[in-house]
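The values are calculated or read from the model by the stated rules, or taken from the named source; none is laboratory data. Here the structure is a predicted model, which means the values were calculated and not measured. Here the Cβ is made from the backbone with ideal geometry for all residues, glycine too, and neighbour counts use every protein chain on show.
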Amino acid sequence: MKIWKQIVWSLVLAGGAFLGWAWFYPGAGDTLARYGIDWFSVSSTGQQAGDARSGGGAPRRGGFSREALVVVAPVGQGVVNDRLTAIGTGQAVRTVSIRPLVAGQIAEIPVTSGARVDAGDVIIRLDSAEEELSVERARLAAMDAEQKATRLGSLAEQRAISSVEADAARTELQTARVALKEAELALSRRTVTAPISGSLGILSVNVGDYITNQTDITTIDDRSEILVEFHVPERFAAAMTVRKPIEATAIARPGETFEGSVTAVDNRVDESSRTLRVRALVPNQSDHLRAGMSFEVEIQFQGETYPTIDPLAVQWDSTGPYVWRVVDGKAERVEVAIIQRNADRVLVEAEIAEGDEVITEGVQSVRQGAAVRIAGAEPNAEQQGGGGERPGSGGAGS
């Protein structure tokens with residue numbers, strides 16, 4: 001094929017591609033108009049007028065329309081900072097570490113590890129033979145002193161002895177009684193009892209062991225309620241108040257939610273982590289929870305309300321993000337500030353309201369104040385190019 005034929009065919013194909021783009025691409029008319037080429041829109045106007053005279057309804061769809069074809073989505077409403085989720089650690093509402101008050105050899109352990117005990121139940125007994133003898137000796141001394149005081153008191157009443165001797169006997173009686181109480185106290189300390197009701201931990205001693213007052217025997221946990229301690233960001237510090245309801249989920253028991261309330265809020269924010277320490281109390285009637293468990297704590301707040309838009313509606317330029325809002329069939333640029341970006345919606349701060357329509361597709365052909373045509377919407381009178389019947393128009397076409 002000769003070179004001039006190849007050039008002609010290339011020009012024909014290029015011209016056909018240009019005409020196809022100008023006819024079918026929705027924003028072609030605006031693009032050409034920016035370069036001063038308006039004869040496509042004039043041709044379209046003549047075609048629309050011919051359609052109107054012939055009774056046609058809407059103009060032919062194509063790139064010759066001056067209205068940009070766009071897709072819109074309504075503005076919604078979203079809430080942020082309305083809930084807080086934190087990870088906390090559970091503690092028994094009361095925990096006691098058991099140590100003896102005196103040293104000695106363990107003679108008996110009437111309880112087992114993990115058993116449930118009530119306040120006053122015996123946990124261990126130390127060898128107390130010497131203390132029992134001391135109590136018996138003190139008891140006998142007290143009885144002898146009481147008899148002597150009674151006898152001398154009778155003689156003093158008969159004036160057989162002086163009152164000084166009777167007073168000395170009464171003093172000896174009081175001293176003997178005090179000695180008896182000391183001996184009984186020493187004997188009672190040879191028995192270690194539970195100070196609170198709860199569940200025993202693992203016993204770290206055995207019968208025959210010699211222990212001192214520094215020996216940890218076991219712990220007792222009152223887990224009728226669980227204290228969950230967690231930390232919240234400082235922006236929630238003002239909203240954290242005592243008795244605020246919470247929901248806690250044990251990581252070890254997924255699917256079960258336990259309701260509780262805040263019992264204590266720290267008086268200062270930790271400088272290193274910028275968090276506030278909080279404690280909440282969770283009932284544990286079923287006894288499924290244990291001290292040391294990890295919990296996911298959720299707290300509800302009033303939150304802050306912002307408009308939400310489709311992520312495709314957000315556009316960017318050198319000044320920042322903005323959206324195109326459709327008002328009375330025309331595009332209006334609205335500056336926005338992004339508050340939170342989610343997978344399906346973007347929360348923004350802007351002068352838009354719930355129910356407004358913003359452009360999500362076709363933004364490349366949109367200009368400030370220019371008319372737009374919403375895809376799928378019924379065309380209005382201006383878009384129909386006078387296709388509606390007006391008074392007196394019927395005779396003009398005949």
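Can you find, within the range 289-313, the residue that is nearest to Glu67 (Cα to Cα) among those that are surrounded by fewer than 18 Cβ atoms within 10 Å (Cβ to Cβ) and among the hydrophobic types (A, V, I, L, M, F, W, C)? Break it down into steps so the answer makes sense when it comes.
Filtering the range 289-313 down to residues surrounded by fewer than 18 Cβ atoms within 10 Å (Cβ to Cβ) leaves 290, 292, 294, 296, 298, 300-305, 311-312.
With among the hydrophobic types (A, V, I, L, M, F, W, C) added as a condition, the list becomes 301, 312.
Working: Phe301: 46, Leu312: 20 Å.
Looking at the filtered set, the residue picked out is Leu312.
Taking only the range 120-139 into account, find how many residues are farther than 13 Å from Ala107 by Cβ and not hydroxyl-bearing (Ser, Thr, Tyr).
8
Inspect the range 181-195 for any residue being touching a residue at least 40 places away in the same chain (Cβ under 8 Å), among the charged types (D, E, K, R), touching a Pro at 6+ places or on another chain (Cβ under 9 Å) and outside any helix (DSSP H, G or I) and give the result as yes or no.
yes
Would you tally the residues in the range 299-341 being in a loop (DSSP other than H, G, I, E, B) and either touching a residue at least 40 places away in the same chain (Cβ under 8 Å) or β-branched (Val, Ile, Thr) (or both)?
Filtering the range 299-341 for residues in a loop (DSSP other than H, G, I, E, B) gives 301-303, 310, 314, 318-319, 328-329.
Next, from what is left, pick out any that are either touching a residue at least 40 places away in the same chain (Cβ under 8 Å) or β-branched (Val, Ile, Thr) (or both): 301-303, 310, 314, 319, 329.
Residues flagged as in a loop (DSSP other than H, G, I, E, B) and either touching a residue at least 40 places away in the same chain (Cβ under 8 Å) or β-branched (Val, Ile, Thr) (or both) within the range 299-341 amount to 7.
Among (1) on the phi < 0 side of the Ramachandran plot; (2) in the same structural domain as Ile339 (by TED's automatic domain parsing); (3) surrounded by fewer than 14 Cβ atoms within 10 Å (Cβ to Cβ); (4) of a type in the set (Gly, Ala, Ser), there is one condition Gly320 misses while meeting the rest; what is its number?
The single condition Gly320 does not satisfy is (1).
Restricting attention to the range 85-133, and to residues there that are assigned to a strand (DSSP E or B) and among the hydroxyl-bearing types (Ser, Thr, Tyr), which single residue is farthest from Ala264 (Cα to Cα)?
For the range 85-133, the residue satisfying everything is Ser97.
How many of the residues in the range 149-174 are of a type in the set (D, E, K, R) and not in a helix (DSSP H, G or I)?
Taking the range 149-174 and keeping what is of a type in the set (D, E, K, R), we get 151, 157, 159, 165, 167, 170, 172.
Next, only the ones that are not in a helix (DSSP H, G or I) stay: 159.
Of the residues in the range 149-174, 1 are of a type in the set (D, E, K, R) and not in a helix (DSSP H, G or I).
Note down all Cβ pairs under 9 Å where the first residue falls in the range 287-298 and is under 17 Å from Thr219 (Cβ atoms) and among the acidic types (Asp, Glu), the second is surrounded by 16 or more Cβ atoms within 10 Å (Cβ to Cβ) and modelled with pLDDT of 90 or more, and they're at least six residues apart or on different chains.
Asp287/Ser199; Asp287/Arg223
If you scan the range 255-284, which residues turn out to be of a type in the set (Ser, Thr, Tyr) and in contact (Cβ under 8 Å) with a residue 12 or more places away in the chain? Walk me through it before giving the result.
We begin by selecting, within the range 255-284, every residue of a type in the set (Ser, Thr, Tyr); these are 257, 261, 263, 272-273, 275.
Ser261, Thr263, Ser273, Thr275, listed by residue number.
Please work out which one of (1) assigned by TED's automatic domain parsing to the domain that holds Val363; (2) in a strand (DSSP E or B) is the condition Thr263 fails and give its number.
Every listed condition holds for Thr263 apart from (1).
What do you reckon, is Glu256 in a strand (DSSP E or B) and either surrounded by 12 or more Cβ atoms within 10 Å (Cβ to Cβ) or modelled with pLDDT of 95 or more (or both)?
no
Go through the range 330-361 and count every residue that is modelled with pLDDT of 90 or more and either on the phi > 0 side of the Ramachandran plot or surrounded by fewer than 14 Cβ atoms within 10 Å (Cβ to Cβ) (or both).
7
Only one of (1) in the same structural domain as Gly114 (by TED's automatic domain parsing); (2) within 60 Å of the chain's Cα centre (by Cα) is not met by Gly153, so which one is it?
Gly153 satisfies every listed condition except (2).
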